[in-house]
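The values are calculated or read from the model by the stated rules, or taken from the named source; none is laboratory data. It should be emphasised that the depicted structure is a prediction, and the values quoted were computed from it without experimental measurement. Ideal geometry is used to build each Cβ from the backbone, glycine not excepted, and the neighbour counts take in all protein chains shown.
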Amino acid sequence: MDFNKVEYVRPNLAEFKDKVHKLSEQLKNATNGLVAQVAATELVALVNDVNSQEYVASIRYSIDTNDTFYKGESDFWDEYGPQFSDALTEYQKAVVASPFQDELAKIYPHTLIDMTKDELRVKDTNIIPLQQEDNRLISEYSDLIANAQVDFRNQTYTLAQLGPLMSDEDRDTRRDANAAYWGFFAQNEATFDRIYDDMVHVRTQMAHELGFKDYSEMSYVFMDRFDYDEAMVSTYRHEIETKVVPLVLAQRAKQAKRLGLDKLEYYDLGIQFKSGNAKPEGTPEELVETARQMYHEMSAETGPFFDHMVSSHLLDLLAKPGKMSGGYAEYIPSIESPFIFANFNGTSGDVDVLTHEAGHAFQTTMAKWIQPGETVFPTNDAAEIFSMSMEFIAYPWMQNFFKDQTAKYKYAHLQSALEFLPYGILVDHFQHEVYTHPDWTPAERKACWRELELRYNPDKDYSENPDLDRGIYWMRQGHIFEVPFYYLDYTIAQVVAYQFWKRFEVDHDKSAWPDYLAMAKAGGSQSLLELLQTGHLQSPFEPGALDDTLAAIKSALDAVDDSAL
């Protein structure tokens, strides 16, 4: 299989509707479980094919937003994607109402039935125009970011390409690079404000049309948060604020001392060591080959998986003009393979991609036995466990990437994961406030961001950048625009991933890999808390769930003579 040769064919909406209607009638009129199973199997194949075409088009467009053909296909899916989804409503209702649930369970994991019930709560033909408008706004944001051109010291950079300069060991360089980067957001602030303001109102109207109090309440349904609610999340936020933030501030004080600074300015936060952050050694091709060696040594399962990713051209890793920012892994049911998208820029983040996104890709490879493609991945909160845990599982091989900078990398990585928790909670809390106050002006939203930032990230001093001090930082966070309320899932997964770090790195638990593998194979057939039971892990919502892990992290960081790094 060669992804470059995978054919893309735009599905025909009318034919899709007709097939779904016939299968719906077949299921409704089924007189026994076998007939119900046949209808379910045919529907899975139909949906997998349509979803695969959408994913292929989306991947190719994200690689080159200047490609006019896939730009047209992106526009098509923005407009017609909600209609394909709406066409499934009749069948989904038939699935939920079918008396042959035991037989259907052989095709559909129980999680898919639960997800179907959730999806029916957030579907209505009347909101299709709103969904289309939301898609259009998301594409407008993505295009604005992807096509950003920033002039810096007589050269032109994309936002991703500026990344290494923003954490350069030379303080003047990183200060000026940060000013140039944030200058783009300040120059386009009115556009970002207008896009997000429109999004908030469109999404709020959706929520009201569907009978929800607000879009925040609706998010617990469309994010399939089966095992917890807003009250539990509020308690979880408090745990992060009171227990993690003080640890981060202590690490920041050590960082300032390492850098020989009285205090850290906002442009200093990304640089950990006076000699510069750890950087991987080798060309992108060499890094991929090093990753291949790592995965062959890691386990019997990971080696063949990564070989397939390389030989089938399922990796697109280099940053380039017109390419969307960020990184992701997508699973394509029709070829039973994942795809990894990234923007290498010469920093340690390149290695993080080869572990983080590969963690997602490996999990889907292990779970491809699940017939419905939409449940190969678990729900988002659980899916990120595999990516973040893989970053830690790969620690013994970091020497191959970083050579004599390995100690620097591990120290900074362990600290940055800790720093992420308050930031991730900040992003989630901000969105909760925005969508429970949908009539706020753009200025009020930015003021809210800055107020929350001072709670969760009090180490960020923007006295040298009035634009950031007004609260524009969130405009760079694509998830806020493109996948609202996803960031909470990252924090939950990070807390769980830290448990795997402790089991692998501190406890040397021989059952850690088998547990990780068992969870990967279960994939979306289990909910978050069910997966945690499979992996013998603690729920992050339990009182004191963070305590042992945080103590181990503090001990590990304190044991390092960071001044020598």
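Key figures for this structure:
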| quantity | calculated |
| --- | --- |
| Set Tyr267, Tyr236, Tyr228, Tyr181: member being closer than 22 Å to Asn457 by Cα, of a type in the set (Phe, Trp, Tyr), under 25 Å from the mean Cα position of the chain (by Cα) and modelled with pLDDT under 95 | Tyr236 |
| Residues within the range 433-445 that are under 25 Å from the mean Cα position of the chain (by Cα) and either aromatic (Phe, Trp, Tyr) or buried (at least 22 other Cβ atoms within 10 Å of the Cβ) (or both), tallied | 2 |
| Helices (runs of 4 or more DSSP H) (entirely within the range 143-239) containing at least 3 residues that are surrounded by fewer than 17 Cβ atoms within 10 Å (Cβ to Cβ) | 171-187, 189-209, 230-239 |
| Residue that is nearest to Thr347 (Cα to Cα), among those in the range 262-289 that are among the polar types (S, T, N, Q) and surrounded by fewer than 19 Cβ atoms within 10 Å (Cβ to Cβ) | Thr283 |
| So Arg10, is it in a helix (DSSP H, G or I) and modelled with pLDDT of 95 or more | no |
| Residue that is farthest from Thr302 (Cα to Cα) [pool: residues in the range 342-368 that are among the aliphatic types (A, V, I, L, M) and not in a helix (DSSP H, G or I)] | Ala342 |
| Candidate set: the range 321-341, residues that are free of Cβ contacts under 8 Å to residues at least 60 places away in the same chain and part of a loop (DSSP other than H, G, I, E, B); chosen: the one nearest to Lys410 (Cα to Cα) | Gly327 |
| Matching residues, the range 413-426, being of a type in the set (A, V, I, L, M, F, W, C), closer than 29 Å to Asp198 by Cα and surrounded by fewer than 23 Cβ atoms within 10 Å (Cβ to Cβ) | Phe420 |
| Residues of the range 339-385 that turn out to be among the polar types (S, T, N, Q) and either touching a His at 6+ places or on another chain (Cβ under 9 Å) or within 20 Å of Asp489 (Cα to Cα) (or both), as a count | 8 |
| Contacts under 9 angstrom Cβ, first residue in the range 141-156 being farther than 18 Å from Asp78 by Cα, partner acidic (Asp, Glu) and modelled with pLDDT of 95 or more, 6 or more apart | Phe152/Asp176; Arg153/Asp176 |
| Residue list for the range 219-253, restricted to those being of a type in the set (Asp, Glu) and over 30 Å from Lys123 (Cβ atoms) | Glu239, Glu241 |
| Hits in the range 113-142 (condition: touching a Lys or Arg at 6+ places or on another chain (Cβ under 7 Å) and crowded, with 18+ Cβ neighbours inside 10 Å) | Asp134 |
| Residues satisfying the stated conditions in the range 552-565, i.e. in contact (Cβ under 8 Å) with a residue 24 or more places away in the chain and over 25 Å from the mean Cα position of the chain (by Cα) | Ala552, Lys554, Ala556, Leu557, Val560, Asp562, Ser563, Leu565 |
| The range 1-27 - residue that is surrounded by fewer than 17 Cβ atoms within 10 Å (Cβ to Cβ) and aliphatic (A, V, I, L, M) and, of those, farthest from Ala57 (Cα to Cα) | Ala14 |
| Of residues in the range 494-517 being among the aliphatic types (A, V, I, L, M), surrounded by fewer than 24 Cβ atoms within 10 Å (Cβ to Cβ) and under 25 Å from the mean Cα position of the chain (by Cα), the one farthest from Leu418 (Cα to Cα) | Leu517 |
| Qualifying position, being on the phi < 0 side of the Ramachandran plot, touching a Pro at 6+ places or on another chain (Cβ under 9 Å), surrounded by 18 or more Cβ atoms within 10 Å (Cβ to Cβ) and among the aliphatic types (A, V, I, L, M), among Ala57, Ala30 | Ala30 |
| Residues located in the range 341-350, provided they are in contact with a Leu (Cβ under 7 Å, 6 or more places away or on another chain) and more than 19 Å from Gly322 (Cβ to Cβ) | Asp350 |
| Test: residue in the range 395-404 that is touching a residue at least 12 places away in the same chain (Cβ under 8 Å), of a type outside the set (D, E, K, R) and within 30 Å of Leu144 (Cβ to Cβ) | no |
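This table checks each residue for (1) in contact (Cβ under 8 Å) with a residue 12 or more places away in the chain; (2) under 28 Å from Tyr220 (Cβ atoms); (3) in contact with a Pro (Cβ under 6 Å, 6 or more places away or on another chain); (4) not basic (Lys, Arg).
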{"residue": "Asp507", "(1), (2), (3), (4)": "no, no, no, yes"}
{"residue": "Lys510", "(1), (2), (3), (4)": "no, no, no, no"}
{"residue": "Gly524", "(1), (2), (3), (4)": "yes, yes, yes, yes"}
{"residue": "Leu529", "(1), (2), (3), (4)": "yes, yes, no, yes"}
{"residue": "Gly535", "(1), (2), (3), (4)": "yes, yes, no, yes"}
{"residue": "Leu550", "(1), (2), (3), (4)": "yes, yes, no, yes"}
